[in-house]
Every structure is written in C-alpha cells, then in structure tokens.
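Below is one structure, written out as structure tokens; the observations come after it.
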Amino acid sequence: MYTQGLDQKDKPAGARQRAEAPEQAEAFQARVDAEEKIEAKDWMPEAYRRTLIRQISQHAHSEIIGMQPEGNWLTRAPTLKRKAILLAKIQDEAGHGLYLYSAAETLGVSRDQMVAELLSGKAKYSSIFNYPALTWADIGAIGWLVDGAAIMNQIPLCRCSYGPYSRAMIRICKEESFHQRQGFDILVALCNGTDKQKAMAQDALNRWWWPSLMMFGPSDKESKHSAQSMAWKIKRFSNDELRQKFIDVTVPQAEFLGLDMPDDELEFDESTGHYRHGEIDWQEFLDVLAGNGPCNRQRMAKRRKAHDDGAWVREAAYAYAEKHAAKDAA
Amino acid sequence: MSEKEWPLYEVFIRSKSGLSHRHAGSIHAADDQMALDAARDTYTRRNEGVSIWVVRSSQIVASDPAETAAFFEPAEDKIYRHPTFYDMPDGVENL
C-alpha cells in the first residue's frame, strides 16, 4: 500500500529511533538477505529509511528537472511526428517523477516537503540535466545515452529490497525502452542524412558522452554510500560495474551509426572482453554537482517559476474542492 | 510552504474486464474527479486500464505489520482446509 501515515501518524521519529534494538536490525537484515521485500509499514532501520528517502526523492527530482532540456525543443521538433513523440516522452518523465514521489512518500516524507527541498536547492538531482540541449541532435543523444545510462542504473533497482521503489522502477523501466529507442531513431535519421546532419550527430555525441558516463556516480574508490546500500540490497552493482556495462553495449551502437567516440584511449581489451576507456574528468563532475554546471541556475530558476506560476491553480482547485464538499455535506 | 497539501489517493486499476482491480500507486488531488483524471494520466498512458478506482488513503484501514504473525495465526494450524490433507484410497477417481 502506498499510504504513508497509517502507522507513523502518532509516532514521532524519536519513538521509532528508540525502538531500534539490535534484534530488530538483525531480523531486518535476515529478511533482506532472504530476498524478501520490505514494505512501507514494516519495521526498518532509520538509516535505511533515510537512505531511501534521499535516493528516491533525488531520483524523482531528476525526472522532473529532466523535462527541461527536452521541453526546449518541443516547438522546434523537425516534424509533427517527432513533436508528438517528444511530447509523449516528456509526459512519461513527469509520470516517472510522480511514481517515485509516491514511493518516497510511503517512507513518511510528504510531497510538499520534497518539493520544498528541491526548490530550496537542498535536494540534488542528476547533474546530467545541467547540460544544455543545443541542437536537435542533442534530443537524440539524450534519449540514446542519458536514458540508456538511466536504464542501466534502473534495471537492477527493479530488484531493490524496498517494495514500493522496486514496483515503481519496474513500471519506469518498461517505459524507458521507448525513450532510448526514440533517441537512437533520431540519430539514425541524422546519420543517414546530409554531411551537416551527421556532423550535428557527432557533435552531440562529443558533448554528451562524458557527462553520460558521470551519471553512474563517482568511481568505486570514491563512492561513500555503496557498501551499506549493497548490504541492504538497495544497490546491486557498483558504479564502475554499471558504467562498464554501459560502455560495452554503447560503443557498438555508435559504430553502427558511423560516429566516433570522443575518447582516444577507448580500446577493446580482448583479454577481459570489455572496453578500456580514458580518465573521466571528475573535477567537472564535482563542479556541476556543486552548482556550477552550464545550466544549474537556469534549471532551478525555471522550476521555481513554474511552481510559483502554478500556485493560483493549486489554490483554485483546493477552493473548488472545499466549496463542493461543503455543498455535498449540506 | 503556506499552501495546504492536496490529499493523497490510492489508485486501483482493472487492466481488462474479467480481472480484479489492482493497486497501481498513489496520487495527490484536490477532489475525487481530479483524482480520477490524474490517475488516468499517471497510470494508464499505455492502455493499462479499463476501469479505475481511487480512494482517499486516509480512508483505508490496514492490518498492522507488527501484528502479522498473531493476526494470521488462526489460519496456521488448519491444514485440513487443504485438499492435499486427505489421502484418497487407491482406485477412487474423480475426487
């Protein structure tokens, strides 16, 4: 059940904390180890709850902010068909945000609280969305690479130990496949087009490749949340493992398109069966994360404005509902 | 935030006639009609449903997971409810 508040309404956080006995934690870990799903009202360690709230809400925020780079291209899509597809994709992103917000709400955080944390800048979203979509080819690259990397991350999350998150991810993964294919389809068209169109596709790959690799997060050496999340079966593979998988499946796709990977050190290693890649610019990753990417301020300003501009709609809907509830009661 | 939060609704969807409604997720809406519309837009963008129920989450009465063992205990020791409890004599058919 996606209802928060059924069991927590009367219990302050402190009461839950106090109840955290070692036997409970052991029993919890045993359930997780046995691949049992944890459901919203089940007992769980506070740290597990907090980790999930942080991860799921950041994920939801990413879906919401992720609508912006693509939204910019709605009025400039090259054909009516492409426009309709892009509109449907962006609507899906909003839907994904909503599935995830409701999954996070089961953990005892309110929607408004999460939205407030996004708007105040306290909560983070995926740094990939702080890069601009400069040309139509970027819409192709976003679908192919950004959604491709997201799928790689999200498929293992379908088996996450927390039931509501796992169910949301299953629904999302079913829909993401369309997103990735529509992106690749855009690039196929461009790569089969004029030299100028193909150059545009190459330029988009050059700009999106490295940020897409950064989507998997810091390297395993640097990743601070990994070990505990693995033990809790929130996470199933390490950042580097997932990044490697993504590179291995994506390079042949680029070859099919006839595009060059913007990495001189990229090389297939016969002995491991994997591609070796060049060093990722982690300073760039940290800079974007710290708020200094190309579009951080613009994204947040636009989100805040949309929220403020919608305030009268939310108020009017509420007033209408109250008026009719009063009438029905009379 | 000074605004009041819209109430939470649970969404149940019948994927096709002949099947029961099944919990799909939840949404926030100001009233029942808006909840139905939002549930449609959020959970049935790919023809996942032919019927939707929405109900305010606060109206749902749920069993307590901490009491699960005790609550379901009465069914634990009644294995004779299952047909496999009974050994049928050889030669008896259609039973």
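Take segment A:189-210 and flag every residue that is more than 17 Å from residue A:79 (Cβ to Cβ) and either within 14 Å of chain B (Cβ to nearest Cβ) or without any contact (Cβ under 8 Å) to a residue 12 or more places away in the chain (or both).
A:195, A:196, A:199
Those residues that are in contact (Cβ under 8 Å) with a residue 60 or more places away in the chain, within 20 Å of residue A:244 (Cβ to Cβ) and either of a type in the set (Lys, Arg) or surrounded by 24 or more Cβ atoms within 10 Å (Cβ to Cβ) (or both), I need them from segment A:110-147; list them, please.
A:144, A:145, A:146
How many residues does segment B:56-78 hold that are within 8 Å of chain A (Cβ to nearest Cβ) and hydrophobic (A, V, I, L, M, F, W, C)?
Final tally of qualifying residues: 3.
Would you check if there is a residue in segment B:33-55 being closer than 25 Å to residue A:95 by Cβ, crowded, with 17+ Cβ neighbours inside 10 Å, among the aliphatic types (A, V, I, L, M) and within 9 Å of chain A (Cβ to nearest Cβ)?
Yes, the conditions are met somewhere in segment B:33-55.
Select the helices (runs of 4 or more DSSP H) contained entirely in segment A:102-186, then report the ones holding at least 1 residues which are within 14 Å of chain B (Cβ to nearest Cβ).
A:111-120
Report yes if some residue within segment A:183-201 is β-branched (Val, Ile, Thr) and either within 25 Å of residue A:124 (Cβ to Cβ) or crowded, with 22+ Cβ neighbours inside 10 Å (or both); otherwise report no. Reasoning before the result, please.
So the first thing to find is which residues in segment A:183-201 are β-branched (Val, Ile, Thr), and the list is A:186, A:188, A:194.
Filter again for either within 25 Å of residue A:124 (Cβ to Cβ) or crowded, with 22+ Cβ neighbours inside 10 Å (or both), leaving A:186.
Looking for residues that are β-branched (Val, Ile, Thr) and either within 25 Å of residue A:124 (Cβ to Cβ) or crowded, with 22+ Cβ neighbours inside 10 Å (or both), one finds at least one in segment A:183-201, hence yes.
Please specify each residue of segment A:151-188 satisfying the condition of being under 13 Å from residue A:141 (Cβ atoms) and among the small types (Gly, Ala, Ser). Don't jump to the end; show me each part of the working.
The initial filter retains those residues of segment A:151-188 that are under 13 Å from residue A:141 (Cβ atoms), namely A:179-180, A:182-188.
Selection gives A:183 alone.
Enumerate the helices (runs of 4 or more DSSP H) found wholly within segment A:238-330, keeping only those where 3 or more residues are within 14 Å of chain B (Cβ to nearest Cβ) and either surrounded by 15 or more Cβ atoms within 10 Å (Cβ to Cβ) or of a type in the set (S, T, N, Q) (or both).
Of the helices (runs of 4 or more DSSP H) lying wholly inside segment A:238-330, those with at least 3 residues that are within 14 Å of chain B (Cβ to nearest Cβ) and either surrounded by 15 or more Cβ atoms within 10 Å (Cβ to Cβ) or of a type in the set (S, T, N, Q) (or both) span A:311-329.
Could you please find all residues in segment A:282-329 being within 18 Å of residue B:32 (Cα to Cα) and either of a type in the set (Gly, Ala, Ser) or in contact with a Ser or Thr (Cβ under 9 Å, 6 or more places away or on another chain) (or both)?
Once the filter is applied, which keeps residues that are within 18 Å of residue B:32 (Cα to Cα) and either of a type in the set (Gly, Ala, Ser) or in contact with a Ser or Thr (Cβ under 9 Å, 6 or more places away or on another chain) (or both), segment A:282-329 yields A:316, A:317, A:319, A:321, A:325, A:326, A:329.
Each row is one residue, and each column tells you yes or no for (1) crowded, with 18+ Cβ neighbours inside 10 Å; (2) modelled with pLDDT of 95 or more.
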site	(1), (2)
A:12	no, no
A:17	no, no
A:23	no, no
A:45	no, yes
A:56	yes, yes
A:62	yes, yes
A:66	yes, yes
A:76	no, yes
A:83	no, yes
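Enumerate the pairs (first residue in segment A:214-238 and polar (S, T, N, Q); second residue anywhere and in a loop (DSSP other than H, G, I, E, B)) with beta-carbon separation below 7 Å, excluding pairs fewer than 6 apart on the same chain, so at least 6 apart or on different chains.
Sorted first by the residue in segment A:214-238, then by its partner, the pairs are A:223/A:217; A:226/A:220; A:226/A:235; A:226/A:238; A:229/A:235; A:238/A:220.
Among the candidates A:186, A:155, which residue alone is among the β-branched types (Val, Ile, Thr), in contact (Cβ under 8 Å) with a residue 60 or more places away in the chain and within 27 Å of residue B:47 (Cα to Cα)?
A:186
Which pairs turn up if I take residues in segment A:266-284 that are closer than 18 Å to residue A:215 by Cβ and in contact (Cβ under 8 Å) with a residue 60 or more places away in the chain and look for partners that are surrounded by 10 or more Cβ atoms within 10 Å (Cβ to Cβ) and among the hydroxyl-bearing types (Ser, Thr, Tyr) with beta carbon separation below 9 Å, at least 6 apart in sequence or on another chain?
A:280/A:219; A:282/A:219
The values are calculated or read from the model by the stated rules, or taken from the named source; none is laboratory data. What you see is a predicted model; the values in this text were computed from it and never measured. FYI the Cβ positions are ideal-geometry reconstructions off the backbone, even for glycines, and counts take in every protein chain you see.
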